[in-house]
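Worksheet: one structure, shown below.
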Amino acid sequence: MLTSAHTTKKRNDRVLLIYTGGTIGMGKNPETGALEPLDFNHLVSCMPEFSMLKTGIETYQFTPPIDSSDMSPRLWSQLVRIIAERYERYDGFVILHGTDTMAYTASALSFMLENLTKPVILTGSQLPINQLRTDGKENLITSIEIASAAHDDGTAIVPEVCIYFSGKLLRGNRATKNNADGFNAFESFNFPHLAEAGVNIIYHEEYILKPDFDKPMTPHTAIDPNVVVFSLFPGLQEQIIHHVLDAPELRSIVMRSFGSGNAPKRPWLIRLLQKASKKGVTIVNISQCLAGSVEMSRYDTGYTLKTTGVISGFDSTVESAVTKLMCLQGRFTDNNMVRNYMNKTLCGEITV
């Protein structure tokens, strides 16, 4: 935690803008009319407002830019290396990213950048930045302001991985995309907003993480993606689940259950879950509901799951549970260690 003994931090007065792709930098293909990524220089040319910012902006571009549907663990590791190699040269980082997988990337980076002491803000837009009604300019400009914001002692106001969208700053591993068409595309249903941007940017510092600013940030790039997500539903078939759980590469499961963590009391389902758990597979129970937490002791159906070795995912999002498992599996070959850390909050991702 931050203590009064830490020294004043020297500022660089620079933010690194990392362009991965996404709608914000797209234009229409004249032949097909479909949106496709443009060169990053085009995006910068659309933003004369850059010259009015109080902080310097330097850029890094993915070549070629990617559609966020093609985001992958390998590219998360690449982003971590980009940030780690340049960490001392910038006050913060802004990542331009497509909205479809933004919450996955934000969650993954929160676990991969241990003891993060600088802002890493992901943003994008629902309309390309060169369109008349674009939401991209405000999202980008405000993200840069947040990434460069500091206390009087030089420490960052928001030393977290966050998503900024449509006037709201959200903890990255608490956010989920909940609207495919509206500008208000993201929400954090189980955690308050970290800031609101109106005429002024109002920070809610009581909710913002407080790292140890005197310790270095530790990057982690190893990821093991042998995770599967499945949702329970009436009519779930034994043979299909049997084949999923029997995959030899499988290390963990995110199971989206009903309500506060309930599942049908089918003997075959209990038997298969128990068998997988005994093999060392980590099974994490999260709710299909957007808001609320798993409490497996509330109803008998949830308690039965608990006896099979299924562990609670508390109030985790799907994105956070999946990426946390991938990152822990990359760090630990012992699944007991993975299970142990899944029951703890590492960077504010769950309420235990």
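The values are calculated or read from the model by the stated rules, or taken from the named source; none is laboratory data. As the structure is a prediction and not an experimental result, all values here were calculated from the model. Don't worry about glycine lacking a Cβ; one is built from the backbone with ideal geometry, like all the others, and counts go over all protein chains shown. Ligands, DNA and RNA are stripped out before the accessible areas are found, and what is left, the full protein with its side chains, is counted by its heavy atoms. Shrake-Rupley method; radii C 1.70, N 1.55, O 1.52, S 1.80 Å.
Which residue, chosen from Ser293, Ile157, Thr307, occupies the Cα position most advanced towards the positive end of the dipole of the chain, where the dipole is computed from +1 (Lys, Arg) and -1 (Asp, Glu) charges on Cβ about the Cα centre?
My answer, from the dipole projection, is Thr307.
Residue by residue through the stretch 260-272, what is 3J(HN,Hα) from phi via Karplus (6.51 cos²θ - 1.76 cosθ + 1.60, θ = phi - 60°)? Round to whole Hz and write x for glycine and proline.
8, x, 9, 9, x, 7, 7, x, 5, 5, 4, 5, 5
How would the stretch 218-321 be classified by its alpha-carbon gyration tensor: rounded, prolate or oblate, with rounded meaning a/c under 1.5 and the a/b versus b/c comparison settling the rest? Numbers along the way, then the final one.
Values: a/c = 1.74, a/b = 1.15, b/c = 1.52.
Oblate.
Note down the nm distance, to one decimal, between modelled labels 7 Å out along Cα→Cβ at Arg86 and at Lys278.
Taking the two extended label points, one gets 5.2 nm.
What is the packing order of peptides 259-269, 210-220, taking the mean over residues of other C-beta atoms within 10 Å and listing the highest first? Before the final figure, lay out each step's value.
Values: 259-269: 16.9, 210-220: 14.4.
Output ranking for 259-269, 210-220: 259-269, 210-220.
Calculate the tail of P(r) for the stretch 70-223: the fraction of all Cα-Cα distances greater than 18 Å, expressed in %. Before the final figure, lay out each step's value.
Details: 6439 of 11781 pairs.
In whole percent, the share of Cα-Cα pairs in the stretch 70-223 beyond 18 Å is 55.
When the helices in the chain are scored as -39500 (n - 2.57) per DSSP H run of 4 or longer and the sum is shared across all residues, what 222 nm value do you end up with, to the nearest 500 deg cm²/dmol? List each step's numbers first, then the result.
On the way: 9 runs with 93 residues, N = 352.
Taking each H run of at least 4 residues, the total per residue is -8000 deg cm²/dmol.
Taking only Cα atoms of the chain, what ratio of Rg to Rh do you get with Rh as the Kirkwood inverse-distance radius?
Details: Rg = 21.1 Å, Rh = 21.2 Å.
Reported Rg/Rh, Kirkwood definition of Rh: 0.99.
Looking at the stretch 191-230, I'd like the Rg to Rh ratio, where Rg is from alpha-carbon atoms and Rh is Kirkwood's inverse mean 1/r. Walk me through the numbers on the way to the answer.
On the way: Rg = 16.9 Å, Rh = 14.4 Å.
My calculation of the ratio gives 1.18.
Determine which residues of the stretch 78-109 fall in the zone a paramagnetic label at Arg14 would reach in this model, i.e. backbone nitrogen under 16 Å from the point 7 Å along Cα→Cβ.
Under 16 Å, as judged by backbone N against the label point of Arg14, lie 82-94 of the stretch 78-109.
Can you give me the long-range amide H partners of Gly261? Hydrogens built in the peptide plane at 1.01 Å from N, cutoff under 5 Å, separation of 5 or more residues or another chain.
Glu295
Could you sort the peptides 79-90, 110-121, 234-245, 163-174 by per-residue average Cβ neighbour count (10 Å cutoff), highest mean leading?
On the way: 79-90: 16.7, 110-121: 23.8, 234-245: 11.8, 163-174: 26.9.
Ranking, from highest mean packing down: 163-174, 110-121, 79-90, 234-245.
For the pairs Lys54/Lys215; Lys28/Lys137; Lys278/Lys344; Lys9/Lys210, flag any whose C-alpha to C-alpha distance is greater than 25 Å.
Values: Lys54/Lys215 28 Å; Lys28/Lys137 18 Å; Lys278/Lys344 22 Å; Lys9/Lys210 15 Å.
Correct reply: Lys54/Lys215.
Taking θ = phi - 60°, what integer Hz values does the Karplus form 6.51 cos²θ - 1.76 cosθ + 1.60 yield along the stretch 187-195, in sequence order, with x for Gly and Pro?
Per residue, the Karplus-derived 3J(HN,Hα) values read 8, 10, 6, 10, 8, x, 5, 7, 6 Hz.
State in Å² the accessible area per residue of the chain; use a 1.4 Å probe, count heavy atoms of protein chains only, and round to the nearest integer. Don't jump to the answer; show the numbers that get you there.
On the way: 15590 Å² over 352 residues.
On a per-residue basis, 44 Å².
What residues qualify as long-range amide H neighbours of Asn190, i.e. H under 5 Å apart, gap of 5 or more or another chain, H built at 1.01 Å from N?
For Asn190, no residues qualify.
Using a 10 Å cut-off on Cβ atoms, rank the peptides 197-207, 222-232, 308-318 from the highest mean neighbour count down.
Details: 197-207: 11.9, 222-232: 16.6, 308-318: 22.3.
Put in order of decreasing packing, that is 308-318, 222-232, 197-207.
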